[in-house]
Amino acid sequence: MTAIHKISKENNPKNSIKQSKTIKKKLVINQNNRIDLRLNSELKNLFLKAATLSGNQNLTNYIVSTVRERSIQLIEEYERLVLSNADWQFVVSLLDKPSKPNAALRKAAKLHQQLGLE
C-alpha cells in the first residue's frame, strides 16, 4: 500500500493575507447576492430529486450547500501537494543530505553578508 504525504500551503503568509483581504471584502458586500441559473427541465428535476433525498428544505439550499462543499474540496486539493511514498522518501533524503554550496550560492551568501541582510 502506498502512503500519501500531504504538504499544506496553509502556513504560507501570502495565503493568510489573501484570506484577510477576502474577509474584509465580505464585510462590505451585501450578504444577499444573487446568482441566476437557467436549467433545462431534466437538470432541474435531477437537482430537485437530489435536494429532496438529501433532506434539504429547498432547491436553493441544496445547490448552495453542494457547490460550497465541492468548492472547499477543490480548493483544498489545489492548495495541497500530494506525494507518493517514494517521492516523499526522495524529498526526505534530500533534506537529510543537503548538497554542498556551489559557487553561485557562496557568492550570494557573501553578498548577503556584505549588505548586512542577516
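The values are calculated or read from the model by the stated rules, or taken from the named source; none is laboratory data. These numbers come from a predicted model, not from an experiment. Every residue, glycine as well, gets a Cβ built from its backbone with ideal geometry; the counts of neighbours run over all protein chains shown.
Numbers at a glance
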quantity: Output for region 19-62, where each listed residue is outside any helix (DSSP H, G or I), among the hydrophobic types (A, V, I, L, M, F, W, C) and at pLDDT below 70; calculated: Ile29
quantity: Test for Glu79: is it acidic (Asp, Glu) and modelled with pLDDT under 90; calculated: yes
quantity: Pairs, first of a type outside the set (S, T, N, Q) in region 81-107, second outside any loop (DSSP other than H, G, I, E, B), C-beta under 6 Å, six or more apart; calculated: Leu81/Ile7; Val82/Lys6; Leu83/His5; Trp88/His5
quantity: Subset of region 78-104 (residues that are within 14 Å of the chain's Cα centre (by Cα) and surrounded by 10 or more Cβ atoms within 10 Å (Cβ to Cβ)); calculated: Glu79, Arg80, Leu81, Val82
quantity: Residue in region 77-96 that is under 30 Å from Thr52 (Cα atoms) and outside any loop (DSSP other than H, G, I, E, B) present; calculated: yes
